[in-house]
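Heads up, the thing below is written out as structure tokens.
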Amino acid sequence: GPGEVRHVLRFGQGSACARQGRARGRPVAQDGRERWYIPEFLPTEGQGVLFLDEINLAPPTMQGMAQQLVLDRRVGSYVVPEGWYIWAAGNRTEDSASVFEMPAPVANRFLHVDVAPDLASFKQYALQSGIHEEIIAFLSFRPNLLHHFDIDQPAWPSPRSWAMASVLHRLGQHIRPAVGPGAAAEFHAYLAAYQNLPDLDAILQGEGDTIAFPSEPSVRYATTVGLALRAKGVVEGFNAFKWLTRTSGPEWVQLCAGDLFEALRSNGHMRELRRMIAADSELQAWLADHERLLEL
């Protein structure tokens with residue numbers, strides 16, 4: 001939220017001694033006693049999340065420090081302030097990550113949640129981050145390639161590598177170095193669908209009355225994603241939405257609307273879109289038949 005402070009403590013960097021020193025601080029002689037000066041990255045005020053990143057890249061002795069933080073909310077003389085939550089993250093051994101097994105006493109002090117890649121979440125990020133339209137369309141068509149670990153390849157599809165692939169694609173380079181040969185081959189074969197797109201600019205300008213919705217599934221995905229990404233304002237968004245309700249099935253309207261409405265919400269245009277839809281009797285009739293399909 002506003003004013004929230006977030007600190008990240010990366011356990012997997014540096015030597016064990018250096019990590020131990022960085023996490024606990026540095027010893028200083030004071031009045032004949034050894035005291036510890038805490039490192040600057042540990043919070044002393046505010047509120048937020050103390051995120052222990054790559055926790056299982058650290059050896060078990062270092063992970064013991066996390067046990068103190070989680071159980072006692074302190075290390076030495078340092079005390080975690082009220083209003084701070086402690087989270088941790090790490091890869092699994094089955095991900096072929098060079099991790100240490102987490103000691104049972106440390107593991108038992110956490111709630112454990114397995115996080116899986118999610119296309120809807122990735123698309124929300126992609127729309128806000130400028131990921132190339134053709135990559136978003138391809139992943140909508142082949143969602144199982146969003147994350148497909150291949151132990152035999154140094155490069156394989158993941159949300160991170162698709163973001164890198166987007167940069168390569170914008171530069172006119174092959175995306176194989178980012179996502180591996182299999183996914184890259186499928187992506188470049190999919191690009192042929194873009195040769196058969198309907199005139200999206202005409203549709204966005206409200207001139208799509210004579211334009212039919214494509215019949216090829218790959219081109220349909222490209223069309224719905226293309227309309228959502230290219231609609232620059234509420235009028236173009238309205239025209240795209242209305243054209244789809246006229247020409248396609250409800251599942252394609254839903255697919256496009258999810259991305260389109262998210263973009264319009266982020267720009268503050270959803271209120272105006274609702275007003276335009278409410279004033280259109282044809283769309284009101286369509287929504288009456290599909291009221292559970294969309295969240296306006």
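Data for the structure
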| quantity | calculated |
| --- | --- |
| Within the range 228-246, tally of residues that are open to solvent by 50 Å² or more (accessible area, probe 1.4 Å) and either under 25 Å from the mean Cα position of the chain (by Cα) or not basic (Lys, Arg) (or both) | 3 |
| Residue tally, condition under 14 Å from LYS242 (Cα atoms) and open to solvent by 40 Å² or more (accessible area, probe 1.4 Å), over the range 207-225 | 4 |
| Some residue of the range 273-282 being of a type in the set (Asp, Glu), loosely packed, with under 15 Cβ neighbours inside 10 Å and free of Cβ contacts under 8 Å to residues at least 24 places away in the same chain | no |
| Top-ranked residue in the range 24-67 [being in contact with a Leu (Cβ under 7 Å, 6 or more places away or on another chain) and at pLDDT below 80; ranked as surrounded by the fewest Cβ atoms within 10 Å (Cβ to Cβ)] | PHE41 |
| Selection count, the range 43-63, where residues are over 11 Å from ILE86 (Cβ atoms) and not in a helix (DSSP H, G or I) | 8 |
| All positions within the range 79-89 that are within 30 Å of ASP150 (Cβ to Cβ) and open to solvent by less than 50 Å² (accessible area, probe 1.4 Å) | ALA88, ALA89 |
| Within the range 109-147, tally of residues that are farther than 15 Å from VAL225 by Cβ and touching a Ser or Thr at 6+ places or on another chain (Cβ under 8 Å) | 2 |
| Test: GLY182 is open to solvent by 40 Å² or more (accessible area, probe 1.4 Å) and either farther than 18 Å from LYS123 by Cβ or within 19 Å of the chain's Cα centre (by Cα) (or both) | yes |
| Flag if PHE141 is farther than 30 Å from TRP252 by Cβ, modelled with pLDDT under 95 and hydrophobic (A, V, I, L, M, F, W, C) | no |
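The values are calculated or read from the model by the stated rules, or taken from the named source; none is laboratory data. Model, not experiment: these values are computed from the prediction. Here Cβ is always computed from backbone atoms with ideal geometry, including for glycine, and neighbour counts include all displayed protein chains. Just so you know, the surface numbers come from the protein's heavy atoms only, side chains and all, with ligands and any DNA or RNA stripped out. Shrake-Rupley method; radii C 1.70, N 1.55, O 1.52, S 1.80 Å.
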